Amino acid sequence: MNIKTFALAGFAVAGFVAADAAMAQACSIAAWNGGPTGTPAAGRPADGVARYSGQCGLRATATAQYVTDTTPAAEPTFRARFYVYTGLATGSAVVYEALNASNAAMIRVTYDRGAGQFVFATTGSNGNVGSITADRWYSIELNWSRSAGNLVATVRGAGATTDSTATVTGVGGTDQIDAARLGWVSGTATTNTRALVFDAYDSRRASAIGRLCRGDANNDGTRNSGDQIVVRNEVFGTTVASGQPDANEDGNINSGDQITVRNLVFNAQNACTSGV
């Protein structure tokens with residue numbers, strides 16, 4: 001069962017509900033029922049905010065800029081997936097927390113620019129996934145279980161075709177999840193031009209979530225010449241793609257994405273279930 005999915009027909013991603021096209025598709029964080037802390041900016045590429053899917057993303061340029069979801073309720077199992085653009089120049093930042101009713105962190109995800117890694121912490125232990133490149137999109141999926149006593153984190157991005165995982169023990173027998181925070185929650189760092197950006201948040205009680213289809217720019221469930229056209233149109237400024245046009249996951253929509261989509265199609269990797 002889903003706890004919360006912040007997406008709506010290409011007009012909302014990562015909890016940002018975009019208005020009708022006739023209203024310039026302004027983005028909002030209204031879907032986050034716990035509201036914002038600080039001034040995280042919901043925006044579109046035209047606003048200078050990168051996005052992974054759909055038309056809106058969330059940018060955090062300083063510590064204590066994040067949004068909160070209070071939908072979970074004493075959850076003994078919890079799965080969440082989000083995308084983060086690793087726009088730090090120096091330092092580290094906590095980019096995600098899942099909390100209990102007393103606001104103690106049950107899960108904490110930190111991006112460490114200097115070490116080039118994501119660090120995943122439970123109440124009793126921590127682990128990491130390394131070889132993380134700055135200024136790239138990464139998907140992070142978290143599978144947290146009180147009965148199993150662990151957290152399994154799955155990471156992929158920067159155009160990679162395989163997952164990296166970390167299994168972290170230390171989940172306590174009375175631990176539970178009652179809220180989640182996404183953004184620059186805490187930490188000391190400086191940002192690059194794009195800063196930290198977040199997108200496509202989904203949380204569930206049990207079932208796996210998985211990645212969005214990289215390069216499926218028109219969001220029809222397959223990669224083909226239609227996606228090449230949609231990416232080209234965004235490059236030329238004609239339209240903003242409704243799916244995932246950033247096929248090489250570098251935070252820019254340009255000819256590199258056209259080439260990447262073309263290569264996926266020519267290599268018979270059309271199906272979004274191909275794992276690429």
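Since every read-out is calculated from the coordinates, none of them should be taken as a lab result. Not measured: the values here are computed from a predicted model. As a convention, Cβ positions derive from the backbone with ideal geometry for all residues, glycine included, and neighbour counts pool all protein chains shown.
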Partnerless Cys - the chain, beta-carbon criterion under 4.7 Å: none
MRE, 222 nm, helices only [DSSP H, n ≥ 4, -39500 (n - 2.57), over the chain, to nearest 500]: -2500 deg cm²/dmol
Amide hydrogen neighbours beyond the local backbone of residue 117, cut-off 5 Å, H modeled: 112, 132
3J(HN,Hα) from dihedral phi, segment 180-193, Karplus parametrisation 6.51/-1.76/1.60, rounded to Hz, x for glycine, proline: 9, 10, 10, x, 8, 6, 6, x, 10, 6, 10, 9, 7, 4
Residue 177 long-range amide H proximity, modeled H, under 5 Å: 74, 75
Distance from segment 114-151 to segment 153-199 (C-alpha centre basis), Å: 6 Å
Euclidean distance between Cα centres, segment 205-276 to segment 57-73, Å: 26 Å
Net charge contributed by nearby residues that have their C-beta within less than 13 Å of residue 64 (K/R +1, D/E -1): 0
